[in-house]
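Every number in this text was worked out from the coordinates using simple rules, so none of it is lab data. All figures in this text were calculated on a predicted structure; none of them were measured in a lab. Cβ atoms come from the backbone with ideal geometry, glycine included; neighbour counts cover every protein chain shown.
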Amino acid sequence: MRHVALLLVIALIAAGGWLGWQQYELLQQPFQGWSGAEQFVDIDPGTGTRAIGQRLIDGGVVADALTWRVALWRRADATRLEAGEYRFDRPMRVDEVIGRLVRGDVYLRSITIPEGLTIRQMARAFADARFGPARDFEQAAGDVSLVSDSDPSARDLEGYLFPDTYALPRRAAADDLVRLMMARFKTVFGDDLQRAAAARGLTVRQAVTIASLVEKETARPDERPVVAAVYHNRMAKRMGLQCDPTVIYALERANRYTGNLTKADLTFDSPYNTYRYAGLPPGPIASPGRSALEAAVRPAPVNYLYFVSRNDGSHAFAATLSEHNKNVFTYQVQYFRGQRTRPRAAPAGHGR
């Protein structure tokens, strides 16, 4: 009997060793139990480790419950697993899977919103990135409660949705992106810039409106404070701003912009048309970036009243109309006369 008992003990030890070795092998071997190129597993906030393991097993990411429990026991940092949606696109060892959940390496998609876009253009970018329909973004951008503390007269969030690159979960809605963009705007246009605006007698809406004109007029950071100064100087002298992008914006709102601004367009009747109506337009015409916002509240100390494109991305500035007319002749009239290889086109406006 003793020999039988001894043999039984040896057999049990051997079996335990074999099972332990098998379990060790499972811990070390990458595992993939799903078909296809990728698998998503969504972990809700507050989900316990056992339920998390079951979701990973059901998704084919982890082999079985014992492997999951042993792997958790072996890792001292597995006491907190982050909620979120995780994407798996290759076989992984269970400790790798746990490591991703410990780090909170959730799956996010990026969307980049460049400076100078309108809400309508952002909505198209939202749809093109396959986050959802453009109309959903436009509807979310109508939530004026997000800006009512700084601009109670806003009818939408035009100008306040800060251009940047944003990372969102796969199932993020337009509301989620809009809230992120508004939060980013409030961070950038914080106390410092708000004080600078107030020191110049500008409301937040006026400052952002000026910044939007600057953003649309020049892409050069070094020119933005100078362009802003031109608008401040013209307003101080009660001169019309004569800003072409405001006319384009007015035409786009009326679905009448063809992509080519003509002299006839400058007479289009809209409060946004700064050729017809003095002062600032009713609100921003696009979303400005940081440098345009800074330029709007801290314009350059210059006396320029006019500027005209040099057709190379830069502008020629002038303090008098006669000097401006010379610049127009040099950089517009002569330039277009020299374009022999394409149809001659006169610029729409150079009254600034």
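Between Asn303 and Asp222, the simple label model (points 7 Å from Cα in the Cβ direction) yields a spacing of 2.4 nm. For the stretch 151-166 and the stretch 43-86, what is the separation of their C-alpha centers, rounded to whole Å? Answer, in whole Å: 40. Summing +1 for each Lys or Arg and -1 for each Asp or Glu among the other residues whose beta-carbon sits under 14 angstrom from that of Gly259 gives -2. Every Cα-Cα pair of the stretch 191-337 was included, and the share exceeding 25 Å stands at 26 percent. Electrostatic tally near Asp143: other residues with Cβ closer than 10 Å to its Cβ, Lys and Arg +1, Asp and Glu -1, net -1.
Sorting Thr209, Thr187, Thr67 from the fewest to the most surrounding beta carbons within 10 angstrom yields Thr187, Thr67, Thr209. On full extension, the segment bounded by Ser322 and Arg80 gains 80.0 nm, given 0.36 nm per residue less the C-alpha separation. Of the residues Met92, Met181, Met122, the one with the fewest other Cβ atoms within 10 Å heads the list, and the complete ranking is Met92, Met181, Met122. Label point 7 Å out from Arg337 along Cα-to-Cβ: which residues of the stretch 302-328 have amide N under 20 Å? Output list for this probe position: 308-312, 316, 322-328.
The charge dipole of the stretch 31-108, taken about the Cα centre with unit charges on the Cβ atoms of Lys, Arg (+1) and Asp, Glu (-1), comes to about 300 debye, rounded to the nearest 20. Quick one: net charge of Glu82's neighbours, Cβ under 13 Å, K/R +1, D/E -1? Spelling it out: positives minus negatives among the neighbours equals -2.
What trypsin sites (Lys or Arg not before Pro) in the stretch 159-217 are in a loop by DSSP, with at most 15 other Cβ atoms within 10 Å of the Cβ? Sites meeting the loop and neighbour criteria: Arg170, Arg171, Arg200. Counting only lysines at least 8 places from Lys326 when in the same chain, those with an alpha carbon closer than 23 Å to its own are Lys237, Lys263.
The three principal axes of the C-alpha atoms in the chain carry coordinate ranges of 119, 50, 34 Å, sorted with the longest axis first. With a Förster radius of 45 Å applied to the C-beta separation of Thr203 and Glu38, the computed FRET efficiency comes to 0.40. The charge dipole of the chain, taken about the Cα centre with unit charges on the Cβ atoms of Lys, Arg (+1) and Asp, Glu (-1), comes to about 960 debye, rounded to the nearest 20.
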